Every structure is written in C-alpha cells, then in structure tokens.
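Have a look at the structure below before the remarks.
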Amino acid sequence: MAVHVIDEANRCLQCKKPMCQQGCPIHTPIPAMIKALKEGGLEEAGAMLFSNNPMSLVCSLVCNHERQCEGHCVLGRKGQPVHVSSIENYISDTCLERIDVQCQPKNGKKVAVIGSGPSGLAAAQELNRRGHEVTVFERRDRIGGLLRYGIPNMKLDKSVIDRRVKLMEAEGVVFQTGVDVGKDRKASQIRKEFDRVVLACGASNPRDISVPGREAGNICFAVDFLTSVTKSLLDSNFEDKQYISPKGKDVLVIGGGDTGNDCVGTAIRLGAKSVTQLEMMPEPPKERTLQNPWPEWPRVLKTDYGQEEAIAVFGKDPRIYQTTVTEFIKDEKGNVKKAKIVKLAPKKDEKTGRMNMVPVE
C-alpha cells in the first residue's frame with residue numbers, strides 16, 4: 001500500500017495555483033500534505049490533515065473525491081488525476097495509530113454536544129482539546145449517527161468510527177448513548193447543567209414522494225432501510241431478522257445519488273431478485289463537454305460500486321434516467337406490487353431561467 005501511495009504522491013505536480021485544494025469543500029492543504037509525505041514527513045502530513053479535519057480517515061473513504069479534489073486535479077485533463085483519496089487514507093490510517101493522547105488541562109467550562117454524527121464528533125474533539133469538559137449525547141444505542149447507521153459497512157467499516165471514539169474517550173470526552181434530548185432529558189436541564197450547548201442533530205427528516213398509493217406496504221425511506229440492515233448486522237449478524245429484507249424481491253430504488261447507490265449495493269448483497277434505480281436527471285456524458293471545462297465541477301457519468309455490482313450480477317446498469325414515479329399500485333394485501341412511471345424532460349422556467357424536469361405527456 002505504501003509503495004502505491006508514494007507512487008501517486010510522486011505524480012503530484014505541486015502546481016503554483018493548485019485547483020485540487022479549491023475543489024475540496026473543507027480546503028484540505030493537499031499539495032503541502034503530499035509534499036510532506038514525499039519528503040518523508042509522514043507525521044507532518046498527518047498533522048496537516050488532522051488539524052484541518054479530525055475526521056479525515058472517514059472522509060478518505062466516503063468523500064466523493066472524483067467530484068471534489070480529484071475532479072480539479074490538472075492531470076485529470078488528459079489522463080488520471082492524482083488519487084488523493086488513497087494518499088489521504090494512508091496518512092490518516094497510519095498516523096491515527098501514532099497519535100499521542102492529548103489530555104488538556106480543564107478550564108472548568110462544560111459543553112454538551114447533541115448528536116454524535118460527523119459534525120458532533122468533530123466539534124466534541126476540538127472543544128475537548130481546548131480544555132472544555134465535553135459530553136456527547138446520542139439518542140441511538142451506538143455512537144456515530146449517520147456514519148454508524150446511514151452508511152453501509154462495505155463503504156465504511158465501523159471499526160473506523162470505533163478507533164476515533166476510543167481515542168476521544170482516552171482524551172476525556174464523555175459519551176452517553178440512548179439519550180434523546182428533549183424527551184429523556186429536558187432541554188432546560190441540559191442548559192442548566194452545561195455552559196454551552198452545540199446542536200449537531202443532523203438532518204434525519206427524509207424527503208417523501210407524494211403520489212397515489214404511497215401508503216402501500218413495503219415502501220420505506222432509504223435511511224430506514226440502511227439503518228435496519230446495519231443494526232441487525234451489528235447486533236446479531238442478521239440472525240435476529242430485525243431488518244427490512246430485500247431477499248428474493250424486485251427492488252425499486254428512487255433516487256440516483258450516493259444514498260441510492262448504497263441501497264442498490266445493499267439490496268444486491270442481501271439477495272434481491274432484481275434492482276432498478278430511477279434517476280430524474282438526464283444521464284451525464286462520459287467525458288467533459290465544452291460547456292463543462294476544467295476546472296469546473298466535473299459533470300460526468302459516475303458508476304459507483306452499487307451500479308458496478310448490479311452490472312456484474314444482473315448484466316446491466318440498474319439506472320433509468322429522466323424518470324420518476326406517478327403512482328404506486330397495491331396488491332390485495334395492501335403491499336406495493338407495481339409502480340407507474342413517467343418520462344421527464346428539461347424545461348426552462350421563463351421567470352427564473354432555471355431548468356426544471358417536467359413530465360412528458
């Protein structure tokens with residue numbers, strides 16, 4: 001692994017005006033990090049990563065680098081960009097083992113962090129290292145929020161989260177699970193006990209689809225499906241059967257983003273009979289068009305692991321573009337058995353100038 005990473009690092013041109021860093025939404029100092037690694041400064045590179053992003057190991061696995069830093073790499077104009085994700089993963093993974101536990105003198109201030117997802121964990125670590133007494137409240141039975149239950153294990157192994165949590169506990173952060181603030185603990189109690197409160201509750205309200213037949217059985221939100229699968233896996237290796245099982249079923253995934261892809265991959269691995277994925281937007285081109293020059297965000301076709309597995313298992317890409325559901329049809333038991341769909345086409349809104357996807361009559 002180290003040889004491959006060094007080879008990738010050696011491909012970096014150390015551009016005077018690096019676009020890769022501008023492509024990163026949290027502005028990781030990518031060229032400086034790679035330069036330090038090339039010159040043998042692994043700890044220095046790790047310090048750059050962790051000071052900018054304490055969750056860098058997670059980001060190296062789940063961040064869409066193809067659309068971010070790697071999509072802005074100058075080498076990608078005519079060939080393969082520098083594989084920043086593998087470099088970041090190697091540095092983070094190696095340096096995390098070498099981090100010295102930092103127990104800062106406490107200043108007497110107490111902070112409550114509500115939610116233990118990526119933002120809650122990052123905030124808790126930074127506040128703790130500034131001398132505050134930090135307690136993280138999580139309503140579920142395990143720490144991690146979206147990282148724990150919203151992302152499948154094959155994409156983010158939960159040992160990655162556990163390593164970070166254990167390090168934070170050693171540094172003095174207190175974690176309380178099974179506490180739903182507002183129900184189990186009143187907000188007034190929290191505010192009275194702590195000097196400051198950080199709300200890192202996430203965005204767990206899913207976007208619904210309002211069409212006839214939506215109330216049919218066997219229709220669920222993506223995060224509910226993924227959560228049930230991961231919890232059953234962690235609790236009993238699926239022996240408790242307490243998860244939404246797609247085994248032997250024809251599965252329809254509505255949505256073509258990262259979460260939809262995770263649902264496709266999860267359904268296939270759990271034995272789905274077939275998987276179809278609906279995407280309302282047009283199919284992107286395989287390469288940049290003249291209207292999408294470098295270093296703009298690369299609007300090109302991405303085939304992720306879920307679609308790749310569908311192609312390998314079923315022989316075709318599961319995605320149907322420019323399509324959405326207009327009605328669900330129930331069987332005699334009230335469960336969904338069919339879905340009526342409609343083709344969509346882009347149409348410019350004359351008032352706003354914005355392109356909207358509208359049904360084709």
Exercise. Heavy atoms only, probe 1.4 Å: what % of the accessible area of the chain goes to carbon and sulfur, would you let me know?
Key: 51 percent
Self-check item: Candidates ASP162, ASP331, ASP93: whichever shows maximal mean-square fluctuation once the chain is modelled as a Gaussian network with Cα springs under 10 Å
Solution: ASP331
Quiz item: Could you work out the helix-only [θ] at 222 nm for the chain, with each DSSP H run of four or more residues adding -39,500 (n - 2.57) and the total divided by the number of residues, to the nearest 500 deg cm²/dmol?
Solution: -10500 deg cm²/dmol
Quiz item: Just the accessible area per residue of the chain, please: how many Å² with a 1.4 Å probe?
Solution: 56 Å²
Quiz item: Taking Cα pairs under 8 Å and at least six residues apart, what relative contact order does region 1-102 come out at, in percent?
Solution: 33 percent
Self-check item: Heavy atoms of HIS27: accessible area, 1.4 Å probe, square angstrom to 10
Solution: 110 Å²
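Pairs of Cα atoms under 8 Å, at least six residues apart: use those to get the relative contact order of region 270-344, whole percent.
Computed value for region 270-344: 31 percent relative contact order.
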Exercise. Have a look at LYS348, LYS247, LYS109 and tell me which one the Gaussian network model of the chain (Cα, springs below 10 Å) gives the largest fluctuation.
Key: LYS348
Quiz item: Applying the Karplus parametrisation 6.51 cos²θ - 1.76 cosθ + 1.60 with θ = phi - 60° to the phi angles of region 14-27, what ³J(HN,Hα) value in whole Hz is obtained for each residue in order, glycine and proline being reported as x?
Solution: 6, 4, 5, 10, x, 7, 4, 5, 5, x, 6, x, 10, 6
Quiz prompt | region 125-270 - Rg and Dmax from Cα coordinates, angstrom | solution = 18.0, 55
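Kirkwood hydrodynamic radius, the chain, all distinct C-alpha pairs: what's the number in Å?
Mean inverse Cα-Cα distance, inverted, gives 23.1 Å.
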Self-check item: P(r) histogram, all alpha-carbon pairs of region 241-295 included - 5 Å bins from 0, percent
Solution: 4, 17, 22, 16, 13, 10, 7, 5, 5, 1, 0
Practice problem: Hand me the GluC sites (Glu not before Pro) from region 212-295 located in a DSSP loop with no more than 11 other Cβ atoms within 10 Å, in residue order please. | Solution: GLU215, GLU239, GLU287
Practice problem: Starting from the exponent 0.38 and prefactor 2.2 Å, build the expected Rg for region 216-272 from its residue count and divide its actual Cα Rg by it. | Solution: 1.07
Quiz prompt | Under-5 Å amide H pairs with GLU327, H placed in peptide plane, nonlocal only | solution = LYS340
Exercise. Working with all protein chains in place, sort LEU147, LEU13 by solvent-accessible area computed with a 1.4 Å probe, largest first.
Key: LEU13, LEU147
Quiz prompt | Mean separation of Cα contacts under 8 Å (6+ apart) over length of the chain, as relative contact order % | solution = 12 percent
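The values are calculated or read from the model by the stated rules, or taken from the named source; none is laboratory data. All figures in this text were calculated on a predicted structure; none of them were measured in a lab. Quick reminder, even Gly has a Cβ in these numbers, built from the backbone with ideal geometry, and neighbours come from all protein chains shown. Just the protein is used for accessible areas: all its heavy atoms, side chains included, with ligands, DNA and RNA removed. Shrake-Rupley method; radii C 1.70, N 1.55, O 1.52, S 1.80 Å.
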